Amino acid sequence: MRKYLEVMKITFKNELAFRFDVIFNMLFTVIKILFAYILWGAIFGSNKLVAGFTYDTMLSYYIISSFLSQIELSDGVSGEISARIRNGTFSKYMVLPAHVEAYFLVQTLGATAFYLSFDFIAALIWIFIFHIEFAFTGSLFLIVIAFVLILQGLVFMVQLNYLLGILTFKFQDIQLFLMIKNNLVAFITGALIPLALLPEVITAFMRFFPFYYVTYLPSMLLIGRNGEEAITGVLVLGGWMVVLFFLNRFLYNRLRRKYDGVGI
């Protein structure tokens, strides 16, 4: 456990050297909320409710979901693994006294811990500048479950990106997989629009898959909605994490035999 904490600490300190990344990350959070502010201001117009959302509730959802999207930093995992395998330097991770997947998990959590406060500040700025009546649940149960889902979602996304990364052992280029994943995830996690705006038959289908619980459900719980799905969300997302846990280990042990890179 101590070695993994050291990886987190090193990653956290490493992020201090890239101040422009911090500024860009905060700006991107603000820009996403700005687009939502303009778009939904036009959609609501004189309407008080849209799909059960008030204007302030909708903006509250976007502030929370944008914050969660920005602290999810696992995209680099697949790119790093793929690049290392292709240029023959993946051996660097194979000789570490730590499991490769666990290494990338704690590395990502270290980066997330660094950006957490900055993205939180960016979200607060919007609440005060635009005088939004921020909707936030008063239920301690929903808050706790939402934070459990957020942590599960961060771990799941690292597992998914790790899976896509190690596919480079089999495929020369995984960019197609990454492009499909990035475009689908942006939509089906509810980062673009609340899934409540979709037909019920579609959202009912999405509840069987993990992405529904990564951003959308914790955002809804934190604004006091969808409380009946809280426990189910933890169980479903936990089940998918277990599936990926065993799948990743099976594929890694099987596919790494094809790796003939040398050096670190």
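The values are calculated or read from the model by the stated rules, or taken from the named source; none is laboratory data. Note that the structure is a prediction, hence the values are computed from the model and not measured. Neighbour counts run over all protein chains shown; Cβ positions are idealised from the backbone, glycine included.
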> Which residues, counting only those in the stretch 178-196, are more than 22 Å from W40 (Cα to Cα), hydrophobic (A, V, I, L, M, F, W, C) and either in contact with a Phe, Trp or Tyr (Cβ under 7 Å, 6 or more places away or on another chain) or touching a residue at least 60 places away in the same chain (Cβ under 8 Å) (or both)?
Replying inline: L178
> Looking only at the stretch 169-217, which residues are of a type in the set (S, T, Y) and either more than 22 Å from A51 (Cβ to Cβ) or not in a helix (DSSP H, G or I) (or both)?
Replying inline: T189, T215
> Identify, please: which residue in the stretch 31-82 is among the β-branched types (V, I, T) and buried (at least 18 other Cβ atoms within 10 Å of the Cβ) and is, among those, farthest from the chain's Cα centre (by Cα)?
Replying inline: T57
> Which of the helices (runs of 4 or more DSSP H) contained wholly in the stretch 35-96 include at least 1 residues that are more than 28 Å from F118 (Cβ to Cβ) and of a type in the set (K, R)?
Replying inline: 75-86, 91-94
> Is at least one residue of the stretch 2-10 modelled with pLDDT under 80 and touching a Gly at 6+ places or on another chain (Cβ under 6 Å)?
Replying inline: yes
>> I'd like the full set of residues that are surrounded by 15 or more Cβ atoms within 10 Å (Cβ to Cβ), modelled with pLDDT of 80 or more and of a type in the set (A, V, I, L, M), limited to the stretch 110-140.
In response: none
>> Looking at the structure I just gave you, is G233 in contact (Cβ under 8 Å) with a residue 40 or more places away in the chain and within 20 Å of L244 (Cα to Cα)?
In response: yes
>> Just to be sure I understand, how many residues within the stretch 91-109 are over 16 Å from G165 (Cα atoms) and either at pLDDT 75 or above or in contact with a Phe, Trp or Tyr (Cβ under 9 Å, 6 or more places away or on another chain) (or both)?
In response: 4
>> If I180 satisfies all but one of (1) touching a helix residue (DSSP H, G or I) at 6+ places or on another chain (Cβ under 9 Å); (2) surrounded by fewer than 23 Cβ atoms within 10 Å (Cβ to Cβ), what's the number of the condition it fails?
In response: (1)
>> So for the stretch 99-108 (the condition being over 20 Å from the mean Cα position of the chain (by Cα), in a loop (DSSP other than H, G, I, E, B) and surrounded by fewer than 18 Cβ atoms within 10 Å (Cβ to Cβ)), does at least one residue qualify?
In response: yes
> Any residue at all in the stretch 154-168 that is buried (at least 20 other Cβ atoms within 10 Å of the Cβ) and outside any helix (DSSP H, G or I)?
Replying inline: no
